[in-house]
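Taking it in order: structure first as structure tokens, then the write-up.
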Amino acid sequence: MKNIVLFASGSGSNVENIVQYFQNKPNVTIASVLTNKRDAKVLDRCNVLNISSLCFNKIAFQETDCVLDILKGINPDLIVLAGFLWKIPEKIIKAFPNKIINIHPALLPKYGGKGMYGNKVHKAVKDNSDIESGITIHYVNENYDEGAIIHQAKTKIHPEDEIDDIAAKVHALEYEHFPKIIEHLLLAQ
Ligand code: GAR
């Protein structure tokens, strides 16, 4: 039996997609969903999906061992950042080497770093008239969006695509690839 913990800060559509993917796979359990936003839509989704969820604030996350201790108690095989916007404290990274992965809505190393998330990334793609964008699934290290890349997938961007169109294309790639990559990493352990 493999256990995963998901972190999310917003809507949580990736969380929902991942939960649904593993619903019929008895060898993988979503142990919990952790969020830094008490009004995040992901919490509503967890209630509907009947998944345990937990909310923490910045002090608990950055200045105490509260979240670290929760994670140690769960002892997950993989920690998955699915739209989580805070930097992971070093002590958590050190406690779970090569077990924390993130999804970024662009083709890193393009459009990564602090403050680059969600539609800000898609706006940068549009402003630069890029002809492609995509997703990057990567390991998490001490720097935003700089850990080793596990998987990338691309989509074509047309000049008439608005930011929402780019977001929709990228989300579609996320839904298709992210659960499969998670499963692959779990099986490879
Ligand atoms: C996703 O597109 C994810 O790639 C992005 O946030 C979105 C969350 O959507 N993550 C980042 O931008 C991290 N820098 P969701 O809440 O609907 O899953």
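What longest region of the chain stays clear of GluC sites (Glu not before Pro) that DSSP places outside H, G, I, E and B and that have at most 14 other Cβ atoms within 10 Å? Formally, the longest exposed-site-free interval is 1-141.
The mean sequence separation of alpha-carbon pairs under 8 Å and at least six residues apart, normalised by the residue count of the range 117-179, gives a relative contact order of 37 percent. Top mean-square fluctuation among 134, 118, 83, Gaussian network model of the chain, C-alpha springs under 10 Å? Greatest mean-square fluctuation among the candidates belongs to 118. Given a 1.4 Å probe and the protein chains as shown, residue 116 ends up with an accessible area of around 50 Å². Value of Rg to Rh for the range 42-101, rounded to two decimals, is 0.95; Kirkwood radius and Rg both from alpha-carbon coordinates.
Lys and Arg at +1, Asp and Glu at -1: add these up for the other residues within a Cβ distance under 11 Å of residue 104 and post the number. That sum, taken over residues with Cβ under 11 Å, equals -2. On a per residue basis, the chain carries 50 Å² of accessible surface, using protein heavy atoms and a 1.4 Å probe.
Surface composition of the range 46-189: carbon and sulfur make up 52 percent of the accessible area, probe 1.4 Å. Distant-in-sequence amide contacts of residue 53, defined by a placed amide H-H separation under 5 Å and a gap of 5 or more residues or a different chain, comprise 33. Each label point was placed 7 Å from the Cα along the Cα-to-Cβ direction; for residue 70 and residue 148 their separation is 2.9 nm. Amide H contacts under 5 Å for residue 108: 136, restricted to partners 5 or more places along the chain or on a different chain, H placed in the peptide plane at 1.01 Å from N.
Inter-label distance, residue 27 to residue 58: 4.3 nm, where each label sits 7 Å from its Cα along the C-beta direction.
Expressed as an acute angle from 0 to 90° and rounded to the nearest 10, what is the orientation of the C-alpha long axis of helix 118-127 relative to the principal long axis of the chain? The helix 118-127 is inclined about 20 degrees to the chain.
The values are calculated or read from the model by the stated rules, or taken from the named source; none is laboratory data. Keep in mind that this is a model prediction, so the values were computed, not measured. Glycine also receives a Cβ, built like all others from the backbone with ideal geometry; neighbour counts cover every protein chain displayed. Just so you know, the surface numbers come from the protein's heavy atoms only, side chains and all, with ligands and any DNA or RNA stripped out. Shrake-Rupley method; radii C 1.70, N 1.55, O 1.52, S 1.80 Å.
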